[in-house]
Structures are given as structure tokens and as C-alpha cells.
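What follows draws every value from the coordinates through simple rules; no lab data is involved. Everything numeric in this text was worked out from a predicted model, so none of it was measured. No Cβ is skipped: glycine too gets one built from the backbone with ideal geometry, and neighbour counts run over all protein chains shown.
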2 protein chains.
Amino acid sequence: MDLTSLLQPGGKIVLVVADGLGGMADAQHATELEEADTPNLDRLAAEGTTGLVTPVAAGITPGSGPGHLALFGYDPLEYELGRGVLSAVGLEFDLRSGDVAARGNLATLDEHGVVTDRRAGRIPDEEALPLIERLREQVQLDDAEVFFASEAAHRVLLVLRGDGLDPRVSDTDPGEEGRQPAAAEPLHPDAARTAQLVAEADAQIRAALAGERANILLLRGFDTLHELPSVTDRYGLRAATVAIYPMYRGVARLLGMDALEQPHSLDEQVATMRKHWDDYDFFFLHHKKTDEAGHDGDRQGKIDAIEGLDAALPQVRDLAPDVLIVSGDHASPTQLHGHSWHPVPTLMWGPRVGRDDSDRFGERWCLHGALGHRPTRELMPLALAAAGRLRKYGA
Amino acid sequence: MDLTSLLQPGGKIVLVVADGLGGMADAQHATELEEADTPNLDRLAAEGTTGLVTPVAAGITPGSGPGHLALFGYDPLEYELGRGVLSAVGLEFDLRSGDVAARGNLATLDEHGVVTDRRAGRIPDEEALPLIERLREQVQLDDAEVFFASEAAHRVLLVLRGDGLDPRVSDTDPGEEGRQPAAAEPLHPDAARTAQLVAEADAQIRAALAGERANILLLRGFDTLHELPSVTDRYGLRAATVAIYPMYRGVARLLGMDALEQPHSLDEQVATMRKHWDDYDFFFLHHKKTDEAGHDGDRQGKIDAIEGLDAALPQVRDLAPDVLIVSGDHASPTQLHGHSWHPVPTLMWGPRVGRDDSDRFGERWCLHGALGHRPTRELMPLALAAAGRLRKYGA
């Protein structure tokens, strides 16, 4: 529901996102969080409430975009953060309204025009960066600007800027090797000119890269900046992030948060929050290592990442937020080597949050917590309420 | 949400539906499932997850149609399987697009035109079948075909076939004795001609049955075949049923499943699945006896039916499905002699499903399981996810 008519000034909220926090118990193992030694998270669970949250819908494995939108209280089925836009914000590229962004892969075509390697042998930066520089110099379109930026190795961001662009253009990336690249086709009549510009850029890119092992840029996920209401508009919050990774800083900025000076460690993240404590109502702290270990299938690494976060929590608690949330944008069980649809263990702590009988933080205890099992996007209104920021509804 | 853009090939799913599985604890008794001796279901519960599902909505007692639609992932408030259509599929009547079907009761009118017995003394087949044969011979409409088929005893299926028919016609069945039959009225202007055809058929039926104790056919539930998207369209599944009863085989066929060769016992149901194991991604096994005992108020019979199903489950498990679901289309507590609104105990088992602490299968243990308490229609996306059939949503 729209909360704007109920907003009033109130206390401070800290949202700690352990990326990919959730796990999956199996015959051999408890989840990583259940197994980790987390005295500080356990104490917060004991003094607050716990539960399990579902970021998008039953059975749906969220990408980072939808997972974070849900944590900030946005229904990820209503609001979108597409691949090209996430790439752009991840590079701190100044994407503007009307720009069309796409993810490109430097790839290898054989003499028959068939894709033999979608990543050009995972071409290293020292080889890729000069090629990207060459594209910047040589690819020139009529009536539109074109930008290229490296996202590391074979990954390239392409952005078109001009009047009347439309992102409804089909991928040129065939998605698998052994096939020819596809033509960029308009998926809507309004996108005909944009498709033509993409085709023209594609031809120039092939000419510029001819003879290289990376002799094509396969494009996918054409996208434009969707207008997202800011957390200030929706919740009346002055909000800031102390995320380390550009993508999460970028997502926060898209939602109207300030990205505070770049921290390089969990300690610096907390120190940056402390420094700016009086200037904001809402802080978003993003912890990446849990998800990285999940992707790598590194069980001990994920446990270590959780314990690392646990060790930092007393400092967060010492800031005395009115509401402290610890959750994740999705599960990343190490058995599955990546994101999954399993629910995410969550705790909420603060003087007006309430308490339940759970005194450990982990999936099997969260199952019986007072937050229950609910959509992730309900955390934000609960936090606003517990921070005293929502007036009574109706007389 | 629409899953079609996320579908990918994956593993096999088996859905075991114990019809009317749910029960109701009271001062005297645990539920039938709690009381039954079910070592195999308990083992699946211990190794997988459990929960309670609600087929339609809080407080709603589902018929078999909505209960099954929900199990197959269709919102039963959005999709309909009306009475006439269920009757037709139950009789394996070849109902076609545009046909209008209704349930008829052979009934008794007195000399004042008042219904004195809505079931004509539960007229036996040997008396009813010749009357139905007489209706087939004598009732003739201009511009439309009319079909009659026995559904046993006083129950008759009536089907109209022709151009431009519309099922929005009011019942002629007054619903209780001591009243006159109602006129068939159009409930929408487009149904005027259909209502006229029904009135004409009614007059001819009365003429044909004059002097019999069953001297009228009371009609209700006019309905047409709603186009239902198939499970293949929605989920990319090659699906089949090993149901025994025609109605469940018919419902499965309406959703694009193949009805495999007719089994006559639980053992034959499993054997048929085994035989066709490689040809399908999804199998629907329907177990009827639990519901029959519920209707009869036969507590021990329902316990026996549950234990019978339990004994067959090791064979199902030996097929090594990627996901095995055991649930019901609704509750049928023996105390209530029929369907009820109570939630349905459910288990989901498989290598990617996860685990919880529940180690028995029954309502009181399912209450604490990791599936939580959720709408029945969420089981299908969860099963697709655990079978590896859903790609990540968003970047």
C-alpha cells in the first residue's frame, strides 16, 4: 500500500544485507548460517524477532536487482532493474533518462560466422581494454552517441544516447556457442530505428575487430532507465549506502540514496555510517562475501563470511539505531553454486520491534519467529512502523 | 506470476493427490492422518519439507475442480471448471468448444406442478436408463443437437451443441422441494436463444416423461468448456496422469496431460508410471479412497486408505523423481462427512527441496514445517524450482 499519507518523522533504520544469506539444509548439512558461530546475531535474534522472507514469489530465484528492490520495499514484479541498467550503475556510468544500455560479450566467430567462444577465451583486461578503446574511436553513428565501457575481461557495457531511442530490441547474442549471432530486431514498431542503430554499430564493431580473437561483441539485455520513485518520495527517508561494490552503490543511488565515501572493508563501512550518523535516517550496508562463497560452492568460505559479518555487528548496534534489520537479497546455497528460490532468514531488532522465543539466527529457528514467513517487501513498512515513522491509518 | 519466460528443461516431478486428505482434530480425536501409521510418509517428511496449504481461500470449501486446479498451479478464482463440464469429463463425454453442458436431476412433480422429490426416489439405473433412452429419441431441437447421458441413478448430463450457444442461463432446478421448477432465463442478452432452446427442451422432456414417477429433468450449472492453458504451455511439462476415476482423468486431459492406460489399483497406478517414466516430466497420481471414507464419515476407513497409500510410496520413491509432492485437493474430515475448508497437510521431497525438523506427516507437525502455511497454487512453482526448471528472475 501507499504509505505516503501516513509518514511522520521518526527514528533511524539500519538495513544490513548479507548477499545470498539463505542456505538449504540437506542430508549432510545444516545451512551455512545455522552452522556458523554467530554470538552477536544470536543475541539480536534473542532480543528481537526473526522470520523467513521470500523476495519475489514462491519458487522464483531472484537476481540481485529484484532481490534488493524487495528489501527496499518495492514489489519486484512491479518495478524493474534490467541487466543493461545494472551494468551501467555497477560501472558508475552516468546513465541518463532515454539512454539504451546493453551487456556485451567480446566473443569469437569462426570463418563461417559461427560463435565458437562466447567469451573470447575469457580474454584478459590487458587484451580487452585496447580493443574497447579502438571501438570508442572507430564506431560512429549518425544521430546517436555510442559509449563503450569495460566491465572486466570479456564483459562490455554498450550505451546508445540520442532522441527517440527505444530498448525493445532483440539480443544479438545467440546465448550458446555453435550458432550464428542473431540480427537485432525491433520487438515493437517504436524500436525500429534503435534496432537499425544497433545493426549499424554491430557492423562497425565487426569491422573494427576483424582479425582479432575477439572479433564480435554479442549484445543482450537492451534496457533503459525506468523511472523509480525514490525512498525519499515513498518513505520520507534521507537515505545513504555504505556498500563497497559499485553495483549496489548504483542501485542505491537509483533509489535516491547517497553513496557515501567508498569504504574498503566491513570496519570502514561501519565507520562511514558512524561518521554520517546524524545526517541520515536510513543506512544500507551491503556485505558481498556471503554470496561470492555461495557461487563458488565454498561452504567454509560462506560460514567465514557470515562470522565476519557477525563480528562487526556490535559496532552497528552501538550506533543505537531504532531498527536494525539483517536479511539477504536471496538465498545462495553452496550446494547449488548460485542464487536460489529458498526463503531468506531475517531478523529485526529494536525497542519497538517486539520479541519472540527465537534465540538463535538461522533458517530452522527463523521458521518459528514472530516475523513469520512473508514477502521481503513487507520488511520496510514494518521497519518504518518500529521507527515510529507511520501514523495511524483511519480514525 | 507468469513463469513462461523463466522455463528451462529440468527434472521429473510426481504429484500424489490423496483426495480429501486433510482432517480436523477435535476433543475426541487427532486427525485421521495424524493417527494413521505411516512410516513411509514420515520418512519423506523427515527428509524433506512439510507445510499446510489452502486450496482456494480462507474458509472456502473447495469442490474437486478448484482443488485440483490449485494443485496444478492455477488460481481457482481465476480459472473455472464448472459443474456441467466436470460431469462431462467424468463421463468421458466428448465435450467440444461451444457446447453448453448442465447437470440434470430426474425428479417428481405433483399434479400442481410442485417438486415433491428432487431425485425421483433415487430412481435406480434400471428404471432411469430407459427414460434417458426415450429422451434421446424424442427430444429434438431446431438448430441445435441435444445429448443426454446417465451419471448413475437420477443424475443426467445434458449437452446442447450448436452455433452461438451461451451458458449464461439460469437453473430450472429450484434447489429444494415444495417449489415449482423455475423458467430458464437468460442471465445475459447473448444467452436469449440458448434459454429458449432450454425451455423448448424442457417442454419436450416433460411431454416424453409424462406419467412416469420421474416426470421432469431439473437442470442446473449451465456451463461451457472454458479454454484452460495447458500445463505444457504454462510450465513446459510433458505431463501424464495415472488417475483411476474418469473425472480426474478428464480434468488432467483438459489441462493437456495424457491419461495413461486405465489402472485399477494403486499398484497398477505406480506400475503405469514406471512403464512411461522416460516419456514424461510430470506425473499426477490420484488416490480416491481417502475422500470416499471422509464422505461416509468412516474414520477407520480413512485411516486405512491413508495407510494403503503409505504402503505404495516406497515404489514411487524408487522411481527417483527429482521432486515428490504428497498433498490433497481439500480436507474431508470424517466428522463433517464431506469436503471442508481446513488446510491440507503437504510434503515436498527431493534433493533440492531442502529439509526442516518435521519427521512425521500430519497436520500438527506440518504446522511447523518449512513450507509454511501457503496457498496450494504455490506448490507448483516451488516444485518447478526444485526440479531445476526455472531460470533466475532479473539480473
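Values for this structure:
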read-out: Cβ-vector label at 7 Å, B:A152, separations to other copies in nm; value: 6.6
read-out: Ascending count of other beta-carbon atoms within 10 Å, so fewest first, for B:Y74, A:Y79; value: A:Y79, B:Y74
read-out: Table column - 3J(HN,Hα) (Hz), segment B:195-203, Karplus curve with 6.51, -1.76, 1.60, x for Gly and Pro; value: 4, 5, 4, 5, 4, 5, 4, 4, 5
read-out: Alpha carbon convex hull of the protein assembly as shown, projected area averaged over orientations, nm²; value: 40.4 nm²
read-out: J(HN,Hα) series, segment A:145-158, from Karplus relation 6.51 cos²θ - 1.76 cosθ + 1.60, nearest Hz, glycine and proline x; value: 8, 10, 10, 10, 9, 6, 10, 5, 6, 7, 8, 10, 8, 10
read-out: Across the identical copies, how the B:H112 labels are spaced - nm, sorted shortest first, 7 Å along Cα→Cβ; value: 8.9
read-out: Closest-to-axis residue of chain B (Cβ criterion, axis taking B to A), whole Å; value: B:H368, 4
read-out: Computed E for A:R136/A:H112 - FRET, C-beta separation, R0 25 angstrom, nearest 0.05; value: 0.30
read-out: Selection of trypsin sites (Lys or Arg not before Pro), segment B:89-146, meeting DSSP coil and at most 14 other Cβ within 10 Å; value: B:R96, B:R122
read-out: Shortest-first distances to equivalent copies, position A:E92, nm, label 7 Å out along Cβ; value: 7.2
read-out: Percent of Cα-Cα distances greater than 11 Å, calculated over segment B:51-91; value: 63 percent
read-out: Assigned charges on the beta-carbon of Lys, Arg, Asp, Glu; the protein assembly as shown dipole about Cα centre (debye); value: 980 debye
read-out: Backbone HN-Hα couplings from phi across segment A:42-49 [Karplus 6.51/-1.76/1.60, Hz, Gly and Pro as x]; value: 4, 5, 4, 4, 5, 8, x, 10
read-out: Hull volume in cubic angstrom per residue (convex hull over the Cα atoms of segment B:226-373); value: 136 Å³
read-out: Pairwise centroid distance, computed over Cα atoms, of segment A:1-61 with segment B:5-50, Å; value: 28 Å
read-out: Built amide H within the under 5 Å cut-off of B:D258, gap 5+; value: B:A239, B:A240, B:T241
read-out: Mean separation of Cα contacts under 8 Å, 6 or more apart, over the residue count of segment A:218-282: relative contact order %; value: 33 percent
read-out: With Cα atoms, 0 to 90° folded angle of helix B:125-138 axis to chain B main axis; value: 60 degrees
read-out: Helix-derived mean residue ellipticity, 222 nm - over chain B, DSSP H n ≥ 4, -39500 (n - 2.57), to 500; value: -9000 deg cm²/dmol
read-out: 0 to 90° range, to nearest 10: angle between helix A:299-318 axis and chain A longest Cα axis; value: 60 degrees
read-out: Alpha-carbon centroids, segment B:293-333 and segment A:82-134: separation in whole Å; value: 54 Å
read-out: Under 5 Å, built H, 5+ apart or other chain: amide partners of A:D117; value: A:T108
read-out: Unit charges on C-beta of K, R, D, E only; dipole of segment B:102-175, Debye; value: 280 debye
read-out: Antiparallel bridges, percent of DSSP beta bridges restricted to the protein assembly as shown (to nearest 5); value: 60 percent
read-out: Cβ charges +1 (Lys, Arg) and -1 (Asp, Glu), total dipole of segment A:258-395, debye; value: 660 debye
read-out: Partner lysines for A:K275 [C-alpha distance under 23 Å; skip if fewer than 8 residues away on the same chain]; value: A:K12, A:K288
read-out: Average partner coverage of A:60-67, which counts Cβ from other chains inside 10 Å; value: 5
read-out: Base-10 log of normalised Debye intensity for chain B (one unit scatterer per alpha-carbon) at q = 0.08 Å⁻¹; value: -0.47
read-out: Residue order, fewest to most beta carbons within 10 Å, for B:L371, A:L141; value: A:L141, B:L371
read-out: Contact order normalised by residue count of segment A:148-207, Cα under 8 Å, 6+ apart, percent; value: 24 percent
read-out: Most to least packed among A:352-365, B:253-266 [average Cβ atoms within 10 Å]; value: A:352-365, B:253-266
read-out: Dipole of chain A, positive direction: furthest Cα of A:L217, A:V169, A:S97, with charges on the beta-carbon; value: A:S97
read-out: Segment A:201-260: translational diffusion in µm²/s, Stokes-Einstein, Kirkwood Rh over Cα pairs, 20 °C, 1.002 mPa s; value: 147 µm²/s
read-out: Amide proton proximity set for B:L141, modelled H, under 5 Å, gap of 5+; value: B:V146
read-out: For B:378-391, mean number of other protein chain Cβ atoms within 10 Å; value: 3
read-out: Per-residue average of Cβ from other chains inside 10 Å of B:351-360; value: 5
read-out: Of B:V169, B:V114, B:V270, the one that fluctuates the most in a GNM where chain B has Cα springs shorter than 10 Å; value: B:V114
